[in-house]
Amino acid sequence: MPCEATRLRFPPCPTARTPFPLVPCAGGPGRRHLPRVGARMTLAAGCCQAESGPRCGGLRQRRPRRPAGEPSRPSPLPRAWAPLEAPVGVWVPLAFVTLLSFASRFYRLSEPPHVCWDETHFGKMGSYYINRTFFFDVHPPLGKVNSSHQMLIGLAGYLSGYNGTFPFQKPGDRYEHHNYIGMRGFCAFLGSCLVPFAYLTVLEMSKSLYAALLAASILIFDTGCITLSQYILLDPILMFFLMGAVLSMVKCNSCADRPFSASWWFWLSLTGINLAGAIGVKFVGLFVVLLVGLNTVYDLWELLGDLSLSLVTLGKHLLARVFCLILLPLALYTAQFAVHFAVLNKSGPGDGFFSSAFQSRLIGNNLHNVSVPEQNDREAKGNCKSSDMPLPSSADLAYGSVITMKNLRMAGGYLHSHWHLYPEGVGARQQQVTAYLHKDLNNLWVIKKHDSNTADHLDPSYSVEFVRHGDVIRLEHKETSRNLHSHQHEAPMTRKHFQVTGYGINGTGDANDFWRIEVVGRKAGKRIKVLRSQIRLTHLATGCILGSSGKTLPKWGWEQVEVTCTPYVKETPNALWNVEDHINPKLPNISLDVLKPSFPEVLLESHMVMIRGNSGLKPKENEVTSKPWHWPINYQGLRFSGVNETDYRVYLLGNPVVWWLNLVTIGLYLLMATCAIVAMKRGVQLTAEFKELSEVLLHSGGKIMLGWLLHYLPFFMMGRVLYFHHYFPAMLFSSMLTGITWDTLLKFCAGRLSCSMGRRVYTYGTLALMLLIVYSFYLFHPLSYGMVGPMASDPNSPMAGLRWLESWEF
Amino acid sequence: MLGFLKQPVVVTAEINVNLVALTVMGLVNRLWALSYPRAVVFDEVYYGQFVSLYMKRIFFVDDSGPPFGHMLLAFGGYLGGFDGNFLWNRIGAEYNMNVPIWSLRLLPALTGALCVPLAYQILVELHFSHCAAFGAALLILFENSLITQSRLMLLESVLIFFILLAILSYLKFYNLQKCSPFTAGWWFWLLLTGVACSCAVGVKYMGLFTYMLLLAIAGVHSWHLIGDQTLSNVSVLCHLLARGLALVVVPVAMYLFFFYVHLTLLYRSGPHDQIMTSAFQASLEGGLARITHGQPLEVAYGSQITLRNVLGKPMPCWLHSHKSTYPIRYENGRGSSHQQQVTCYPFKDVNNWWIVKDPGMQQLVVSNPPRPVRHGHIVQLVHGITTRYLNTHDVAAPLSPHSQEISCYIDYNISMPAQNLWRVEIVNRELDTDVWKTILSEVRFVHVNTSAVLKLSGASLPEWGYRQLEIIGEKLSKGYHQSMLWNVEEHRYGKSQEQKEREVELHSPTQADISKNLSFMARFTELQWKILTLKNEDTEHKYSSSPLDWITMDTNIAYWFHPISGAQIHLIGNVLTWASANVATLVYVCLFLWYLLRRRRKICDIPEDAWRLWVSAGGFCVGGWAVNYLPFFMMEKTLFLYHYLPALTFQILLIPVVLQHLTDHLCRSQLPKNAFSALMVAWFSSIYLVYRTFSPLTYGEPTLSAAELRALRWKDSWDILIRKH
């Protein structure tokens, strides 16, 4: 009997071209589903009603009629239900899952009342914001971070009355009287929003309530998601924006039949806004940008093939997307940085990573906000007054001064040396010279004439003599009294260059210590300006130029940056330096104003520094690190808090049942999708509802699958230190895929059976999955909500039976 | 029967003179004065070592790639009767008379020469005109960089040959597909595709890129096949299975076969033994096998053992202790237990010997019959020479303050009790038996009191620790890392009760009798894993370059320099060809996008057939270029200009494709066509001129004067060696 097969055509999809022409986008899911959710509800509530109806035999024959779906509305009874049922049918579950989600995330939020895991970083940065101190750190979570998250955390802390005084020293520190709930609550709030987002996304994609409920329940009852949302971390914020972007992208796709309507514009720009948020939090947000980008390209390609659209319309489509998905996020992203720099205007621990110009923006830095002495202005203007006669000031570089030299590369360091020698086999075994990003006493050098010894300059009877463009000088390291030296040995990392060392004793070295100092774009004989002059140091004997290659030295060089002497004469910032500090007791201490960097320069520089910091996070040798292949199989968790039996322990681990279900589903999905696609390609005659199912499977499922791949695969190529929590964005996609796939599978099975059997299989199948998830959550909930007592490896522990893998340590 | 009596036997030979001429020209051009210079040129110094080792049958590990390429070079040496006696130590060293340099260089040169006719054939199979095909072959013929690379004992030309062969045979196969599937020719070309692919991968891992490309193209074609509803399901399945067999199963089998030959040929122990596990070493003749030959298999209470760390990074080492103690205070002010140091020592030493002791008994000898140690047993480890117990306690390790210090316990009579019980956990124990076995078992030592795990931290101690490697007790042991695993390497049953006798016994070599034969698969897996994970500390080379420099050829490599005459060989390409290839790629991509967008709007600029040709040519040429070039941007290893040559070959093949397309479809009238042809002639002549100009740097002769050399420095970034007088 053909009727059973067609009975379970849950969401009647009118045409392939415009899948849901009846849908008014503006009204949200409630209104959208008026006609068909009603029908589905009918079916879910009472299949028999439909069965007994007169339509029983004819659905398949009616297929050609479907594009004009309206005229053949179902019988009056379902239609009368529709306005009542639909909003209830969609909104009630939504409200329910939202409630559950909030309840699960906010339950025991204040426990444990001490700093957990990375809270130490992010909380600290929140404090920095409140105190408006500039910072930069190369530690894992900080190197990669952008501004907005910290601002958000800072803002949340500020609003909730946190005063920014808690030091966030190390995990395990007690918060005492400090108000941390505000910040945690903020993260938990965002984390809770993920569930309704996922629910709406799946509903929109599959048009199936059960699929949406399944996806939502997976996320609600996943211990990993709960744990990750409960602390002051970046991940809830990132995932919030990520899911927001996906949801608005899906909504926008649904509005494709009504382009340029208000709702279309709304969702499109909302996508852009969310994208800006996502990359603003972590660079991992770039993956979702990629997902949206690919989706947009696909959209445009489809539009291009639609010959009914004129080129002008196509242009409008293109421009709209460029505006909403490129320009708008870019503007917002830039704005975040503007706020970031505006808020952080005090000098802090991160100064040394940035150029002298950058530092001059920061209050409290010795380069900040100083006035320009008149005589220098005059000289700079190059008027007829002889340059031999300017008033002495520390604005000009003088012999005998103690100086620091900063490389002009982005995130270039200070010229540095220390007592350690180059190891055996790396050039000559002389003292190391490196570039170092932090301010340090070992960055100090004394500038001397090449042919005079130490005493001259310090003797007060001698008058100050200034260094001029083209002079031959010697740079003596202040701490170790060795001269900056180079010779024809290979540099340690850049083999094409020469090695730079510290040589000599108490300033007495050899002819390889002589350097010619030159200023870019200047004539001979002119003085050299502190900060403003771009200096090049040419080695006299070999003709090479002092530069920093930007490569990190191995352990023996304390992972500082390599300094070399390059024989290739190129005008790159790598080979240019400026004098930053200039200390000379005989000169009046006037600082110089550097040309303040423009905002784009500041933006570019801070990005370079962040990228560099991020790529510098290599795992150490013999260190056990988390591998990407561990993640989907839930191989190993992360210890958030507590080590010993008496501690309050929180362990970040996904609900194993959920995760393994997700893992199996990916295989299942691939299998089903392959079957569907091959069947279609072979031209197998499918019934209408199978076509619809495979449509959902291939299009909606394909997008989600793509999202999963984009958020997972790139980690295999990353050289940096990876952590378990990096998988959670991918896990969101995986959960949504699980919802869609199982729903499709059950529908498919149901479609094969008789009507009542099919309905039962479908309902009970979904129910069984949900119960399984809830029960596993009941088993594993102590992972998130805290455990006290013996470790699970101890057979007496209540959790002992749950340690299904030996690698779990709770 | 006997039909030849009635009708004469007629052999009709069809000789493509083009092809023959091209092959001859290629051979002349590549083989001319092949044994000049009689000196080690550039990477010959690297490949030469392996050839020598092959000749001597000594085992080695080369992390640069699989063994097939080395084997081919060694085959050349074998044919030339090379005995392997040459010290490959520096570029420029003169070869002795016993090095058959001509035959060593012959194979790369032959494959390089055969690339010329292959290029011709490929374009013909892509359905382009013979004129275009001839042009492509000429461009390959006059490409200086390809000539340089194929005239020396290097692997790139072999790799390029196999890549082109794979492409050609796939194209032949695909063209046969339409008319005569499942014929002998069809099978031949299909199988040849798989074989050529596996050879390419076997020569260098770079071949994987082209293999992937071919798989992708074959995938697309199969997809069309699935959509072809005139074929029955069964025949579609047969088609798919045939492809799966030829393009997946055959290459994998071939790849395994290379390793099989490799491991069969090299059976003697050699310089790279240390990298491999003890079990692997024991399977080689000489080396460790001589020591471990005849050891008792099962470790028993009273056994004297040396313990090797399984990880072997940063270097292979053995658990070690010596008389010296930890300094009371470290440089950074932290204190230590001041007990006897325990380290990991990368050399064989009598201090590497430990004795397994039963905590419940005093004796240090093996009882009769021996009581074997099993998984989960608690033991004490006694250092053989000093008879102190391996101990750990809640004191921070010298360089890893988060872990526990490991020491040999000295009783200072202070409130620090000995904690010297260790639980033996055999990680790779078999199901049926859990006995601790020599060499085979990988063991974790878990401290009973603190559950810390004995681990190699990878840091090396400062002066006071004699720069040996640090051993720590890892408290929060996450998972199983190889740095926590140990295996027994040397082993004997202890017999001496007295310390003095025992010392003598420890100094004497081990003996007894067991033999181990690892299966081929076990040896293959280990060697493959080592090849993939072995990291050379080699950071940067003088002539290394970044992929961006390659497109414009901003860099060159000086291969060889005669110290007296100043003759030199450089890897420098034909500038004009490189530039034209770049232009062709750009034109192709632009035109392709233009056509694609217009076709989507149902505007067809070119006929359907021409479009299909255009797409398939682009798929192979631009695709080949992209897959062989773009991945280098993500690689962190040291890169050289010669890595670009496979990509360049594909790019060169694209030039005639674009040119023919332009003449056919964009020059509509006769006049521009004539002008175009004239332009072509001029262009080809200039390519030949550039080839002639740079040929002294390609062939290394004639010697050029300083002024001439300076004139050849067309780009400032080129590093041409000019002698200062």
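The values are calculated or read from the model by the stated rules, or taken from the named source; none is laboratory data. Worth saying up front: this structure is predicted, and the values here are computed from it rather than measured. Quick reminder, even Gly has a Cβ in these numbers, built from the backbone with ideal geometry, and neighbours come from all protein chains shown.
From the list A:Leu722, A:Leu732, A:Leu767, exactly one residue is at pLDDT below 90 and either buried (at least 24 other Cβ atoms within 10 Å of the Cβ) or among the hydrophobic types (A, V, I, L, M, F, W, C) (or both). Which is it? Full working, then the answer.
Working: A:Leu732 fails: at pLDDT below 90; A:Leu767 fails: at pLDDT below 90.
Every option except A:Leu722 fails the conditions.
Does region A:657-692 hold any residues that are at pLDDT below 90 and within 24 Å of A:Ser217 (Cα to Cα), and which are they?
none
Please go through (1) surrounded by fewer than 17 Cβ atoms within 10 Å (Cβ to Cβ); (2) closer than 30 Å to A:Ala188 by Cβ for A:Met791 and return the number of the only condition it doesn't satisfy.
(1)
Given the criterion away from chain B (no Cβ under 14 Å), under 14 Å from A:Val657 (Cβ atoms) and small (Gly, Ala, Ser), identify the matching residue among A:Ser776, A:Ser797. Steps first, answer last, please.
Details: A:Ser797 fails: under 14 Å from A:Val657 (Cβ atoms).
Going through A:Ser776, A:Ser797 in turn, just one is away from chain B (no Cβ under 14 Å), under 14 Å from A:Val657 (Cβ atoms) and small (Gly, Ala, Ser): A:Ser776.
Kindly list, by first and then second residue, each pair from a residue in region A:316-343 that is under 16 Å from A:Val602 (Cβ atoms) to a residue that is modelled with pLDDT of 85 or more, limited to pairs with Cβ atoms under 6 Å and residues at least 6 apart or on different chains.
A:Tyr333/A:Ala276
Of all residues in region B:603-646, count the ones that are away from chain A (no Cβ under 14 Å) and not small (Gly, Ala, Ser). Before the answer, list the steps.
Applying the first criterion (away from chain A (no Cβ under 14 Å)) to region B:603-646 yields B:605-629, B:642-646.
Still in the running and not small (Gly, Ala, Ser): B:605-609, B:611-615, B:620-622, B:625, B:627-629, B:642-646.
Residues that pass the stated criteria total 22.
Residues in region A:737-755: is at least one free of Cβ contacts under 8 Å to residues at least 24 places away in the same chain, in a helix (DSSP H, G or I) and of a type in the set (A, V, I, L, M)?
No, region A:737-755 contains no residue that is free of Cβ contacts under 8 Å to residues at least 24 places away in the same chain, in a helix (DSSP H, G or I) and of a type in the set (A, V, I, L, M).
Which ones in region A:475-490 are out of contact with any Gly (no Cβ under 7 Å at 6 or more places or on another chain) and assigned to a loop (DSSP other than H, G, I, E, B)?
The answer is A:Lys478, A:Glu479.
May I ask you to list the residues in region B:320-362 that are closer than 24 Å to B:Pro401 by Cα and touching a Lys or Arg at 6+ places or on another chain (Cβ under 8 Å)?
Pass one, region B:320-362, residues closer than 24 Å to B:Pro401 by Cα: B:320-346.
Hits for region B:320-362 are B:Ser321, B:Gly335, B:Ser336, B:Gln340.
For region A:393-444, give me the residue count where each residue is modelled with pLDDT of 85 or more, polar (S, T, N, Q) and in a loop (DSSP other than H, G, I, E, B).
1
Condition first: within 26 Å of the chain's Cα centre (by Cα) and free of Cβ contacts under 8 Å to residues at least 12 places away in the same chain. Now tell me which residues in region B:173-215 satisfy that. Full working, then the answer.
Step one: filter region B:173-215 for residues within 26 Å of the chain's Cα centre (by Cα), giving B:191-215.
Matches in region B:173-215: B:Leu208 only.
Condition first: part of a helix (DSSP H, G or I), within 13 Å of chain B (Cβ to nearest Cβ) and under 27 Å from the mean Cα position of the chain (by Cα). Now tell me which residues in region A:625-681 satisfy that.
A:Trp629, A:His630 - these are the residues of region A:625-681 that are part of a helix (DSSP H, G or I), within 13 Å of chain B (Cβ to nearest Cβ) and under 27 Å from the mean Cα position of the chain (by Cα).
Pick out the one residue from B:Leu697, B:Leu689 that is crowded, with 17+ Cβ neighbours inside 10 Å and under 39 Å from the mean Cα position of the chain (by Cα). Break it down stepwise before answering.
Numbers: B:Leu689 fails: crowded, with 17+ Cβ neighbours inside 10 Å.
Unique residue meeting the criteria: B:Leu697.
What number of residues within region A:709-729 are away from every other protein chain (no Cβ under 14 Å) and free of Cβ contacts under 8 Å to residues at least 60 places away in the same chain? So that I can check it myself, show each step before the final result.
Of the residues in region A:709-729, the ones away from every other protein chain (no Cβ under 14 Å) are A:709-712, A:725-729.
In the following step, the residues that additionally are free of Cβ contacts under 8 Å to residues at least 60 places away in the same chain were identified as A:709.
The total comes to 1.
Confirm whether B:Val681 is surrounded by 14 or more Cβ atoms within 10 Å (Cβ to Cβ) and either in a helix (DSSP H, G or I) or on the phi > 0 side of the Ramachandran plot (or both). Walk me through how you get there before you give the answer.
Numbers: surrounded by 14 or more Cβ atoms within 10 Å (Cβ to Cβ): no; either in a helix (DSSP H, G or I) or on the phi > 0 side of the Ramachandran plot (or both): yes.
No: the conditions fail for B:Val681.
Go through region A:478-495 and report how many residues are within 14 Å of another protein chain (Cβ to nearest Cβ) and of a type in the set (A, V, I, L, M).
Restricting attention to region A:478-495, the residues satisfying the condition of being within 14 Å of another protein chain (Cβ to nearest Cβ) are A:488-495.
Remaining after also requiring of a type in the set (A, V, I, L, M): A:491, A:493.
The number of residues fulfilling the criteria is 2.
Taking A:Phe498 as meeting all but one of (1) more than 14 Å from A:Val446 (Cβ to Cβ); (2) modelled with pLDDT of 85 or more; (3) more than 14 Å from chain B (Cβ to nearest Cβ), write down the number of the exception.
Of (1) more than 14 Å from A:Val446 (Cβ to Cβ); (2) modelled with pLDDT of 85 or more; (3) more than 14 Å from chain B (Cβ to nearest Cβ), only one is false for A:Phe498: (3).
I'd like the residue in region B:396-407 that is of a type outside the set (Gly, Ala, Ser) and surrounded by 20 or more Cβ atoms within 10 Å (Cβ to Cβ) and, out of all such residues, is nearest to B:Glu331 (Cα to Cα).
So the first thing to find is which residues in region B:396-407 are of a type outside the set (Gly, Ala, Ser), and the list is B:398-399, B:401-402, B:404-406.
Remaining after also requiring surrounded by 20 or more Cβ atoms within 10 Å (Cβ to Cβ): B:398, B:404-406.
Details: B:Pro398: 10, B:Gln404: 18, B:Glu405: 16, B:Ile406: 19 Å.
The selected residue is B:Pro398.
Output the qualifying pairs, or none if there are none: Cβ atoms under 7 angstrom, residues six or more apart or on different chains, first residue in region A:264-290 and closer than 21 Å to A:Ala320 by Cα, second residue of a type in the set (D, E, K, R).
A:Trp264/A:Arg258; A:Trp267/A:Lys251
Which residue, of A:Val530, A:Val500, A:Val561, A:Val520, is without any contact (Cβ under 8 Å) to a residue 60 or more places away in the chain and among the hydrophobic types (A, V, I, L, M, F, W, C)?
Among A:Val530, A:Val500, A:Val561, A:Val520, only A:Val520 is without any contact (Cβ under 8 Å) to a residue 60 or more places away in the chain and among the hydrophobic types (A, V, I, L, M, F, W, C).
Going by the conditions given, is B:Tyr642 closer than 30 Å to B:Thr533 by Cβ, surrounded by 14 or more Cβ atoms within 10 Å (Cβ to Cβ) and of a type in the set (Phe, Trp, Tyr)?
Values: closer than 30 Å to B:Thr533 by Cβ: yes; surrounded by 14 or more Cβ atoms within 10 Å (Cβ to Cβ): yes; of a type in the set (Phe, Trp, Tyr): yes.
Taking the combined requirement at face value, the residue satisfies it.
With respect to the numbered conditions (1) on the phi > 0 side of the Ramachandran plot; (2) away from chain A (no Cβ under 14 Å), which one is the sole condition not fulfilled by B:Gly458?
Unmet condition: (2).
Only one of B:Met97, B:Met71, B:Met153 is assigned to a helix (DSSP H, G or I) and of a type in the set (A, V, I, L, M, F, W, C). Can you tell me which?
The unique qualifying residue is B:Met71.
For region A:550-565, give me each residue that is surrounded by fewer than 22 Cβ atoms within 10 Å (Cβ to Cβ) and either away from chain B (no Cβ under 13 Å) or in a strand (DSSP E or B) (or both).
Residues satisfying the conditions are A:Gly550, A:Lys551, A:Thr552, A:Trp558, A:Glu559, A:Gln560.
List the residue pairs whose Cβ atoms are under 9 Å apart, where the first residue sits in region B:581-602 and is under 18 Å from B:Gly619 (Cβ atoms) and within 14 Å of chain A (Cβ to nearest Cβ), the second is charged (D, E, K, R) and not in a helix (DSSP H, G or I), and the two are 6 or more positions apart or on different chains.
B:Trp594/B:Asp605; B:Tyr595/B:Asp605; B:Arg599/B:Asp605
Collect the residues in region A:682-708 that are within 14 Å of another protein chain (Cβ to nearest Cβ) and either of a type in the set (Gly, Ala, Ser) or assigned to a helix (DSSP H, G or I) (or both), keeping them in residue-number order. Can you show your working first?
In the first step, residues of region A:682-708 are kept if they are within 14 Å of another protein chain (Cβ to nearest Cβ); the result is A:682-685.
Passing the criteria: only A:Gly683.
Here's the yes/no breakdown for (1) at pLDDT 80 or above; (2) exposed (fewer than 15 other Cβ atoms within 10 Å of the Cβ):
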{"position": "A:Lys449", "(1), (2)": "yes, no"}
{"position": "A:Thr480", "(1), (2)": "yes, no"}
{"position": "A:Ser486", "(1), (2)": "yes, no"}
{"position": "A:Pro492", "(1), (2)": "yes, no"}
{"position": "A:Gly504", "(1), (2)": "yes, no"}
{"position": "A:Thr508", "(1), (2)": "no, yes"}
{"position": "A:Thr542", "(1), (2)": "yes, yes"}
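Looking for whichever is of a type in the set (Phe, Trp, Tyr), out of contact with any Phe, Trp or Tyr (no Cβ under 9 Å at 6 or more places or on another chain) and in contact (Cβ under 8 Å) with a residue 12 or more places away in the chain here; the options are A:Trp804, A:Trp808. Which one fits?
Working: A:Trp808 fails: out of contact with any Phe, Trp or Tyr (no Cβ under 9 Å at 6 or more places or on another chain).
Just one listed residue meets the conditions, A:Trp804.
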